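Colleague: Structure provided below as structure tokens; questions to follow.
The values are calculated or read from the model by the stated rules, or taken from the named source; none is laboratory data. These numbers were taken from a predicted model, which means no experiment stands behind them. Don't worry about glycine lacking a Cβ; one is built from the backbone with ideal geometry, like all the others, and counts go over all protein chains shown. Ligands, DNA and RNA are stripped out before the accessible areas are found, and what is left, the full protein with its side chains, is counted by its heavy atoms. Shrake-Rupley method; radii C 1.70, N 1.55, O 1.52, S 1.80 Å.
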Amino acid sequence: QVQLVESGGGLVQAGGSLRLSCAASGRTFSPYAMGWFRQAPGKEREFVAAIGLSGRTYYSGAVKGRFAISRDNAKNTVYLQMNKLKPDDTAVYSCAADISGAGSSRYVDYKYWGQGTQVTVSS
């Protein structure tokens with residue numbers, strides 16, 4: 001069992017930056033690929049980024065070039081650096097652990113989920 005807790009969300013103006021953190025406890029998360037998803041009001045959950053066991057990273061087209069995912073296995077933490085934020089990035093951001101290790105973009109492949117952290121980007 002892995003517990004995931006996100007932090008770092010908040011209110012930021014368009015063009016600004018935020019860094020989200022996802023801390024894992026219960027078990028080491030080093031065997032898992034980690035991903036970030038987001039969900040805006042009235043919209044479906046959307047893949048944002050993932051990082052596989054090899055360190056390879058994957059991004060949605062909406063955030064590629066602006067967001068960066070990284071992980072620190074020693075700290076059991078995964079990060080999402082978000083730059084050049086836009087109002088369309090407003091959503092609840094959740095991290096998740098993919099036990100396959102592949103770094104999938106499909107939320108069904110993720111077994112453990114955090115509660116999420118709100119990110120609001122004002123125009």
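Colleague: Rounded to the nearest 10 Å², what accessible area does residue 5 have for a 1.4 Å probe in the complete protein model?
Modeller: 90
Colleague: Once amide H atoms are placed 1.01 Å from N in the peptide plane, what residues at a sequence separation of 5 or more from residue 90, or on another chain, have their amide H within under 5 Å of its amide H?
Modeller: Residues meeting the criterion, in which the H sits 1.01 Å from N, are 121.
Colleague: Kindly report, to the nearest 10 Å², the accessible surface of residue 75 as traced by a 1.4 Å probe over protein heavy atoms only.
Modeller: 130
Colleague: Subtracting the Cα-Cα distance from 0.36 nm times the residue separation, let me have the gained length for residue 102 to residue 46 in nm, one decimal.
Modeller: Stretched out fully, the residue 102 to residue 46 stretch lengthens by 18.4 nm.
Colleague: Around residue 103, with a cut-off of 10 angstrom between Cβ atoms, what is the net charge of the other residues, counting Lys and Arg +1 and Asp and Glu -1?
Modeller: Value of the local net charge: -1.
Colleague: For the stretch 80-102 and the stretch 13-60, what is the separation of their C-alpha centers, rounded to whole Å?
Modeller: One Cα centre to the other: 4 Å.
Colleague: Can you send over the carbon and sulfur percentage of the accessible area for the stretch 36-123, probe radius 1.4 Å, protein chains only?
Modeller: 47
Colleague: What lysines sit close enough to residue 64 to cross-link, taking a C-alpha to C-alpha distance under 17 Å and skipping anything fewer than 8 places away on the same chain?
Modeller: 84, 86
Colleague: When ligands, DNA and RNA are left out and all protein chains stay put, how many square angstrom of accessible area per residue does the stretch 1-88 have with a 1.4 Å probe?
Modeller: So the stretch 1-88 comes to 53 Å² accessible per residue, rounded to a whole number.
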